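S.K.: Take this structure first; my questions come after.
The values are calculated or read from the model by the stated rules, or taken from the named source; none is laboratory data. The shown structure was predicted, so the numbers you read here are calculated from the model rather than taken from an experiment. Quick reminder, even Gly has a Cβ in these numbers, built from the backbone with ideal geometry, and neighbours come from all protein chains shown.
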Amino acid sequence: MAKASVKRNRIASEQLVLRTIYSTGQISRADIARATKLTPPTVSELVGKLLADGLIEEKGLAPSSSGRRGILLDVVDNSRQIIGIDLSREDFRGALTDLRGRTVHRVDLSLDGRDGEEALSLVYDLVNQLIASATKPILGIGIGAPGLIDPFDGILQQAVNLNWRYIPIRSLLYDRNNLPVYMANDCQLAALAEFTFGEDNGPQNDLPLVVIKLGWGVGAGIIVDGKLLHGSRVGTGEIGHVRVVDNGIQCACGNYGCLETVASIPAIMKQIKLSMNNDPNSSFHKFVKDQKELNTNIVVWALENGNNDMSKIIDGVGEALGIAASNLVGVLGSCHIMIHCSITCSYPLLIEKIRETLIQRTLPSLARATKLSSTSLGSDNVICGASALVLHHELAVL
Ligand SMILES: [Zn+2]
């Protein structure tokens, strides 16, 4: 066998052993050999290498049964740290995580309306601060960014809100820090996070997983057969610009009636302001004194207090999402659709509205077999997904 291919096989076997320990936890060398079908001497040698690297440790003897008791091995979750970055929010957010995606240290830097080069400098600051705070070797940098991303070349092709066009983020950060850099669209990473670390999904669930994320814009991340769907490299899951309203209002993309004109956070705020400006008796006047102070907390408060005008707007959001969901079900078949939005938890009827629309607009049997829920991870989900992306590429444990 050629030298290169021997080396490749050895790396693949080492990754297989580490992946087995990572997914099983507390496992003996003999059980690793059984699970991987590698010979016991090969497993012993590879385990020795992983122990020397500090990635795994011995955790005492297996419970007594017949025969020899093996020593249990487990991954040292805090043996390395990963930098996860979320550029899809009004504050740029980053964290150091352990090998299970748990946050060890975080840094938030406010964007304060900056865009272009200034916003890019803020990314450099964020990464520098996280590197300076690391207490373990850093495995790599994962980035979730809004807009059109080429994850293969690490290029951000377009992010309208940040006024970024064709930014080679991977090479810019690699040249500065000499660390591996991986990136993907924020919605894709939200989906990867739920799939990898979420409570309500995982490899045991064989339905395709779709996470629809409502923020500045609306987008979807899709996981099929345990892998992120990349389609034609760029733009997979860009459902925000699919028309859901005939004769609707104009979108930033130039078209009319896009999902983003109804279901994004700015669109929800716009509808509240419109109601206040057009109707002096609008119930919004009772709790919004200054339109500049309008934020998602106020929306949540109004929903929790049974405000009908607010419910009506969010029902419209649910209907629009239901139309988008029906297109997804038409392509993927029945699937698990999760909604990530800061207001969904306070208004469970949103999920019901989506279901109602889905049943009306797609084959009812497929709609009924489709699972709808809110995401299980909180606002650090993109950071978790960025961390999972690095784990996948650097250690192949996922
Ligand atoms: Zn649009």
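S.K.: Among the listed residues 91, 98, which satisfies the condition of being of a type in the set (Asp, Glu), in contact with a strand residue (DSSP E or B) (Cβ under 9 Å, 6 or more places away or on another chain) and surrounded by 16 or more Cβ atoms within 10 Å (Cβ to Cβ)?
M.R.: Values: 91 fails: surrounded by 16 or more Cβ atoms within 10 Å (Cβ to Cβ).
Within the list 91, 98, the selection yields 98.
S.K.: Identify, from the list 84, 113, 54, the residue that is loosely packed, with under 13 Cβ neighbours inside 10 Å, under 18 Å from residue 135 (Cβ atoms) and not hydroxyl-bearing (Ser, Thr, Tyr).
M.R.: That would be 54, the only listed residue that is loosely packed, with under 13 Cβ neighbours inside 10 Å, under 18 Å from residue 135 (Cβ atoms) and not hydroxyl-bearing (Ser, Thr, Tyr).
S.K.: When you go through (1) in contact with a Gly (Cβ under 6 Å, 6 or more places away or on another chain); (2) small (Gly, Ala, Ser); (3) outside any helix (DSSP H, G or I) one by one for residue 190, which number turns out not to apply?
M.R.: Tallying (1) in contact with a Gly (Cβ under 6 Å, 6 or more places away or on another chain); (2) small (Gly, Ala, Ser); (3) outside any helix (DSSP H, G or I), residue 190 fails exactly one: (3).
S.K.: Separate question: For the range 87-121, which positions are in a helix (DSSP H, G or I) and free of Cβ contacts under 8 Å to residues at least 40 places away in the same chain? Quick ask: steps written out before the conclusion?
M.R.: Of the residues in the range 87-121, the ones in a helix (DSSP H, G or I) are 116-121.
Correct list: 117, 118, 121.
S.K.: So, in the range 11-44, of the ones that are within 32 Å of the chain's Cα centre (by Cα) and small (Gly, Ala, Ser), which residue ends up modelled with the lowest pLDDT?
M.R.: At the first step, the residues of the range 11-44 found to be within 32 Å of the chain's Cα centre (by Cα) are 11-27, 32, 35-36.
Next cut, small (Gly, Ala, Ser) only: 12-13, 23, 25, 35.
Details: 12: 92, 13: 93, 23: 91, 25: 88, 35: 94.
Per the criteria, the residue is 25.
S.K.: Going by the structure shown, is residue 47 among the β-branched types (Val, Ile, Thr) and at pLDDT 95 or above?
M.R.: Values: among the β-branched types (Val, Ile, Thr): yes; at pLDDT 95 or above: yes.
Yes; evaluated as a whole, the condition is true for this residue.
S.K.: Which members of the range 295-322 meet the condition of being outside any loop (DSSP other than H, G, I, E, B) and small (Gly, Ala, Ser)?
M.R.: Taking the range 295-322 first, the residues outside any loop (DSSP other than H, G, I, E, B) are 296-304, 308-322.
Within the range 295-322, 302, 311, 316, 318, 320, 322 qualify.
S.K.: Let me spell it out: the conditions are (1) out of contact with any helix residue (DSSP H, G or I) (no Cβ under 9 Å at 6 or more places or on another chain); (2) more than 27 Å from residue 396 (Cβ to Cβ), and residue 77 meets all of them except one. Which number is the exception?
M.R.: (2)
S.K.: How many of the residues in the range 226-260 are under 16 Å from residue 215 (Cα atoms) and more than 10 Å from the ligand (Cβ to nearest atom)?
M.R.: Of the residues in the range 226-260, 2 are under 16 Å from residue 215 (Cα atoms) and more than 10 Å from the ligand (Cβ to nearest atom).
S.K.: Considering only the range 261-279, I want to know if a residue exists there that is more than 16 Å from the ligand (Cβ to nearest atom), of a type in the set (A, V, I, L, M, F, W, C), at pLDDT below 85 and surrounded by fewer than 16 Cβ atoms within 10 Å (Cβ to Cβ).
M.R.: no
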